[in-house]
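Chemist: My structure is below; once you've seen it, I'll send some questions.
The values are calculated or read from the model by the stated rules, or taken from the named source; none is laboratory data. Please read all numbers here as calculations on a predicted model, not as lab measurements. When we count neighbours, we look across all protein chains shown, and the Cβ atoms used for this are built from the backbone with ideal geometry, even at glycine.
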Amino acid sequence: MARPKKDPTERRTEQVNIRLSPAELSLLQQKADAGGLSLTAFVRAAAERKPVRVAATSDDFELRQELRRIGVNLNQIAKALNTRKEALPASLVRSCEQLEVIFDQMLGHDRQSHSRREL
């Protein structure tokens, strides 16, 4: 069965040709590959100012899982100390702050998607 025809206003009939240095082309291709897009789709998305996101790797996932476990442990320690009305040790406060910095670096300061990051 044939694919339905697009509305004439939706057809892509126009072309734009640009000159790039080999380094510029390589950079665009790397970003397109990282986003799982063809070079054409990547350039089109960039022209429309659409965010191009990169899927997280399995290494990112494992790192996030480990950091999450550490965070859970720190929260349990803090809860136990708060229950006994004791002040939090300075080392625990520092560890929590360091963990927060790491999460901010991983996720971006604007807290984008947990599983994807913007190029």
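Chemist: Starting from residues that are closer than 23 Å to V54 by Cα and among the small types (G, A, S), keep the ones in region 3-36 and report whichever is farthest from the chain's Cα centre (by Cα).
Modeler: Out of the qualifying residues, it is A23.
Chemist: Residue check: is P8 within 25 Å of L107 (Cα to Cα) and either assigned to a loop (DSSP other than H, G, I, E, B) or in the same structural domain as L107 (by TED's automatic domain parsing) (or both)?
Modeler: So P8 fails the test.
Chemist: Oh, and also: I'm trying to understand the selection: among the residues of region 43-94, which are closer than 30 Å to A32 by Cα and of a type in the set (V, I, T)?
Modeler: Selection gives V43, V52, V54, T57.
Chemist: Could you list, in sequence order, all residues of region 20-31 that are surrounded by 14 or more Cβ atoms within 10 Å (Cβ to Cβ) and under 28 Å from F103 (Cβ atoms)?
Modeler: Selection gives K31 alone.
Chemist: Considering only region 58-95, state which residues are closer than 30 Å to L28 by Cβ and loosely packed, with under 10 Cβ neighbours inside 10 Å. Reasoning before the result, please.
Modeler: From region 58-95, those closer than 30 Å to L28 by Cβ are 58-64; that's our starting set.
Answer for region 58-95, where residues must be closer than 30 Å to L28 by Cβ and loosely packed, with under 10 Cβ neighbours inside 10 Å: S58, D59.
Chemist: Can you say whether A41 is without any contact (Cβ under 8 Å) to a residue 40 or more places away in the chain, touching a Leu at 6+ places or on another chain (Cβ under 6 Å) and not basic (K, R), as far as the supplied structure shows?
Modeler: Values: without any contact (Cβ under 8 Å) to a residue 40 or more places away in the chain: yes; touching a Leu at 6+ places or on another chain (Cβ under 6 Å): no; not basic (K, R): yes.
Answer is no for this residue.
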